[in-house]
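To start, the structure itself, in structure tokens.
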Amino acid sequence: MRNLERLLKSLFLNEAHLGKFNMDVFKNLMTLGEKQEYAKKHLTELGRGSSRVVYAISTSKVLKIAKTDGPGRAQNMTEISVWTDPKTKTVAARIFDFDEEYMMWLVMEIAQPFEHNKFNELLGIPVELTMYDVLKLMLKQDTYASIMRSHRVARLDMDDKKRVMLGLANLAINPPPFLKALRNLVKTNRLALADITAEHFGKTADGRIVLFDYGYDKDTAETWYGHSLRSYEKTK
């Protein structure tokens, strides 16, 4: 009886919404595989990572779907946790809707990605440095000397080295509100610093700079990818 009901429901959904994505239909599909197939059939894929696929569902929203039951759902869960925490949501892309029961999917606002140089310019970060460098210093996981010895900086002439050093010191001593909020987001949720790159930030339709990929945390890294992130012990 249950199989027959499921078959009739599937036939109804396919006929009632053939050729058009419908969120209610998507939500009522029972398995991750069914949701993946429905999205693939009716939406335009924007990109994919190791564990999730991103589709455009409107000019302002994207749908993130887990590729597998494990890491994809874990990353969705982390992003949902970050967004629903008032203390850490200010620099994160908005989540409008999500799968409350199984964390298979979520709907997030669209943010146009930045190129590295443009992103650094907006935040006042010397172009030779990365967000990884800045956050490690702000979280006291690295030193000025270590960053200045990196290959990107060590090869510079003396004047450029001084410029980078002054820029880095200013960011560490007097960081702008955005970087303060980002530091707190990373620390509170123990996100992987190496995943906080310029390519994962963007500008929203209303002009906000946000992080739109923030699901890779310590637990996900160690449980699903076998990565040991010992540096997180310093942020507890």
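The values are calculated or read from the model by the stated rules, or taken from the named source; none is laboratory data. Predicted, not measured: the structure shown is a model, and the values here were computed from it. For neighbour counting, all protein chains shown are included, and Cβ atoms are generated from backbone atoms with ideal geometry for every residue, glycine included.
The helices (runs of 4 or more DSSP H) found entirely in the stretch 137-186 that carry 2 or more residues being among the small types (Gly, Ala, Ser), without any contact (Cβ under 8 Å) to a residue 60 or more places away in the chain and touching a helix residue (DSSP H, G or I) at 6+ places or on another chain (Cβ under 8 Å) are 158-173. Selection over the stretch 150-159 of residues that are exposed (fewer than 14 other Cβ atoms within 10 Å of the Cβ) and either within 17 Å of Gly124 (Cα to Cα) or more than 29 Å from the chain's Cα centre (by Cα) (or both) gives a count of 5.
I'd like to know if the stretch 126-135 contains one or more residues that are over 23 Å from the mean Cα position of the chain (by Cα) and among the hydrophobic types (A, V, I, L, M, F, W, C). No, the stretch 126-135 contains no residue that is over 23 Å from the mean Cα position of the chain (by Cα) and among the hydrophobic types (A, V, I, L, M, F, W, C). Does the stretch 114-127 include one or more residues that are in a loop (DSSP other than H, G, I, E, B), free of Cβ contacts under 8 Å to residues at least 60 places away in the same chain, surrounded by 15 or more Cβ atoms within 10 Å (Cβ to Cβ) and of a type outside the set (A, V, I, L, M, F, W, C)? Yes, the stretch 114-127 contains at least one residue that is in a loop (DSSP other than H, G, I, E, B), free of Cβ contacts under 8 Å to residues at least 60 places away in the same chain, surrounded by 15 or more Cβ atoms within 10 Å (Cβ to Cβ) and of a type outside the set (A, V, I, L, M, F, W, C).
Per-residue answers, yes or no, for (1) in a loop (DSSP other than H, G, I, E, B); (2) in the same structural domain as Ile173 (by TED's automatic domain parsing):
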{"residue": "Gly72", "(1), (2)": "no, no"}
{"residue": "Asn76", "(1), (2)": "no, no"}
{"residue": "Lys89", "(1), (2)": "yes, no"}
{"residue": "Met103", "(1), (2)": "yes, no"}
{"residue": "Val107", "(1), (2)": "no, no"}
{"residue": "Leu129", "(1), (2)": "yes, yes"}
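Restricted to the stretch 192-208, and to residues that are of a type in the set (A, V, I, L, M), buried (at least 18 other Cβ atoms within 10 Å of the Cβ) and touching a residue at least 40 places away in the same chain (Cβ under 8 Å), which residue is nearest to Glu121 (Cα to Cα)? Among them, the one singled out is Ala198.
Report yes if Phe96 is within 21 Å of Phe201 (Cβ to Cβ), in contact with a strand residue (DSSP E or B) (Cβ under 8 Å, 6 or more places away or on another chain) and not assigned by TED's automatic domain parsing to the domain that holds Phe21, otherwise no. Talk me through it step by step, then tell me what you get.
Numbers: within 21 Å of Phe201 (Cβ to Cβ): yes; in contact with a strand residue (DSSP E or B) (Cβ under 8 Å, 6 or more places away or on another chain): yes; not assigned by TED's automatic domain parsing to the domain that holds Phe21: no.
Taking the combined requirement at face value, the residue does not satisfy it.
Taking the numbered list (1) more than 14 Å from the chain's Cα centre (by Cα); (2) surrounded by 14 or more Cβ atoms within 10 Å (Cβ to Cβ) in turn, Leu166 passes all entries but (2). The set of residues from the stretch 37-79 being among the small types (Gly, Ala, Ser), farther than 22 Å from Pro113 by Cα and in contact with a strand residue (DSSP E or B) (Cβ under 6 Å, 6 or more places away or on another chain) comprises just one member, Ala39.
The condition (being surrounded by fewer than 18 Cβ atoms within 10 Å (Cβ to Cβ), touching a residue at least 12 places away in the same chain (Cβ under 8 Å), among the polar types (S, T, N, Q) and not assigned by TED's automatic domain parsing to the domain that holds Thr223) is satisfied by just one residue among Ser51, Ser81: Ser81.
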